[in-house]
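**Q** Just passing along the structure, written as structure tokens.
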Amino acid sequence: MKSVCVFLGSSSGNHPAYMHATDALGRELARRGITCVYGGSRTGLMNRLAESVLEAKGEVVGVTVQALKDKEEFHRGLTRLHVVPTMHERKTLMIELADAFIALPGGIGTYDEFFEVYTLRQLGFHSKPCGLLDVNGFYEPLKLMLGMAEREGFMKQPYREAITVSSDPSDILDLMAEQSRDRLAAG
Ligand code: AMP
């Protein structure tokens, strides 16, 4: 697993646990020599992630859209910043650049990005690991929703179970690295 794309809030959230977990994931990515791909912004948890990887001497690749310049303020100190024309191209490039995907807490932008990679995996467009870093029980309601979808016959169990969930940054990277190895071994 050489690169991981992280989806997370452009805001910081109300609880310090979100910043702490973001920081810990950033440091762990750098320590493992895994390139961090993210949305390129200089606000909220997104900024904290980039800063923590860079502080630990890791590599960060941002992917953003010109039209977001005023809203999200681009991070200018990244290893590389791709500025693409549309939101769709942004997601497509993020997906291409990464070997796995992790969502931290965030708002609807984060859910959109995570569900894009999750649904593409369900449809077989890729087989890269998808995970939720469940800080402070933030993703409990989403897990309940997916359980409901399965119980009510809208989703098959293997797809619901295809997501890796952990509250610990190091643990989630271990689990996803193992899946990546299995995936490469299977060809
Ligand atoms: P949020 O979780 O709402 O703070 O947003 C996190 C990131 O998701 C930000 O960089 C947003 O620009 C991005 N985002 C918001 N809406 C979309 C969308 N429809 N497609 C792709 N990314 C989005």
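**Q** Could you list the residues of region 160-182 with an amide nitrogen less than 16 Å from a label point located 7 Å from the Cα of ALA149 in the Cα-to-C-beta direction?
**A** 160-165
**Q** Can you pull the accessible area of LEU123 for me, 1.4 Å probe, Å² to the nearest 10?
**A** Taking all protein chains as shown, LEU123 has close to 120 Å².
**Q** I would also like to ask the following. How do THR35, THR86 stack up against each other in accessible area, from largest to smallest, with a 1.4 angstrom probe? Spell out each step's value before the answer.
**A** On the way: THR35 30, THR86 55 Å².
Of THR35, THR86, the descending order of accessible area is THR86, THR35.
**Q** Can you list the residues, at least 5 places off or on another chain, whose amide H is less than 5 Å from the amide H of VAL37, using H built in the peptide plane?
**A** VAL4, CYS5, VAL6, VAL61
**Q** Also, I was wondering about something else. Order the following by accessible area, largest value first: THR164, THR119. Probe radius 1.4 Å; ligands, DNA and RNA are ignored. Each step should come with its number before you reach the end.
**A** Details: THR164 10, THR119 60 Å².
Ranked list, largest accessible area first: THR119, THR164.
**Q** Just tell me which lysines come within less than 30 Å, Cα to Cα, of LYS57; anything on the same chain fewer than 8 places away is out.
**A** LYS2, LYS69, LYS71, LYS91, LYS128
**Q** Let me ask you something else. Stretch THR43-LEU184 to full length: gain in nm at 0.36 nm per residue minus the Cα-Cα span? It would help to have the intermediate numbers written out before the result.
**A** Details: separation 141, 0.36 × 141 = 50.76 nm, distance 3.50 nm.
Length gained between THR43 and LEU184: 47.3 nm.
**Q** Of all beta bridges DSSP finds with both residues in the chain, what is the antiparallel percent, to the nearest 5?
**A** Details: 1 of 23 bridges.
If we restrict to bridges inside the chain, about 5 percent are antiparallel.
**Q** Quick one: dipole size for region 3-186, taken about the Cα centre, charges +1 on Lys/Arg Cβ and -1 on Asp/Glu Cβ, in debye to the nearest 20. Show your work: numbers first, answer last.
**A** Details: 20 positive and 24 negative charges, 67 e Å.
With only Lys, Arg, Asp and Glu charged at Cβ, the dipole is about 320 debye.
**Q** Taking all protein chains as present, what is the carbon and sulfur share of the accessible area of the chain, in % to the nearest whole number, probe 1.4 Å? Walk me through the numbers on the way to the answer.
**A** Values: 4960 of 9480 Å².
Solvent-exposed carbon and sulfur of the chain make up 52 percent of the total.
**Q** Now, a different point. Run lengths n ≥ 4 of DSSP H only: what is the helix-derived mean residue ellipticity at 222 nm for the chain, with -39500 (n - 2.57) per run over all residues, to the nearest 500? Kindly include the intermediate steps, with their values, before the conclusion.
**A** Values: 8 runs with 91 residues, N = 187.
It comes out at -15000 deg cm²/dmol, rounded to the nearest 500.
**Q** What's the local net charge at ARG160, with K and R +1, D and E -1, over the other residues with C-beta under 14 Å away?
**A** Values: positive: ARG121, LYS143, ARG151, LYS156; negative: GLU150, GLU152, GLU161.
Taking every Cβ under 14 Å from that of ARG160, the sum is +1.
**Q** Which value, in Å² rounded to 10, gives the accessible area of LYS143 with a 1.4 Å probe and all protein chains present?
**A** Counting only protein heavy atoms, LYS143 exposes about 80 Å² to solvent.
**Q** Would you calculate the convex hull of the Cα atoms in region 2-138 and tell me its volume per residue in Å³?
**A** Details: hull volume 13.0 nm³, N = 137.
Value for region 2-138: 95 Å³ per residue.
**Q** Enter the accessible area per residue of the chain (Å², integer; probe 1.4 Å; all protein chains in place).
**A** Working: 9480 Å² over 187 residues.
Value returned for the chain: 51 Å² of accessible area per residue.
**Q** Determine the order of VAL165, VAL61 by accessible area, beginning with the largest, at a probe radius of 1.4 Å.
**A** On the way: VAL165 60, VAL61 5 Å².
Of VAL165, VAL61, the descending order of accessible area is VAL165, VAL61.
**Q** How big is the shadow of the Cα convex hull of region 45-102, averaged over all directions, in nm²?
**A** Across all orientations, region 45-102 yields a mean hull projection of 4.2 nm².
**Q** Using a cut-off of 18 Å between alpha-carbon atoms, which lysines can reach LYS156, once sequence neighbours fewer than 8 places away in the same chain are excluded?
**A** Partners found: LYS143.
**Q** Amide H to amide H, which residues 5 or more places from THR164 or on other chains are under 5 Å from it, using H placed in the peptide plane?
**A** Here CYS130, GLY131, LEU132 satisfy the definition.
The values are calculated or read from the model by the stated rules, or taken from the named source; none is laboratory data. Everything quoted here is computed from the prediction, not taken from an experiment. When we count neighbours, we look across all protein chains shown, and the Cβ atoms used for this are built from the backbone with ideal geometry, even at glycine. What goes into the accessible areas is simple: the full protein's heavy atoms, side chains included, and nothing from ligands, DNA or RNA. Shrake-Rupley method; radii C 1.70, N 1.55, O 1.52, S 1.80 Å.
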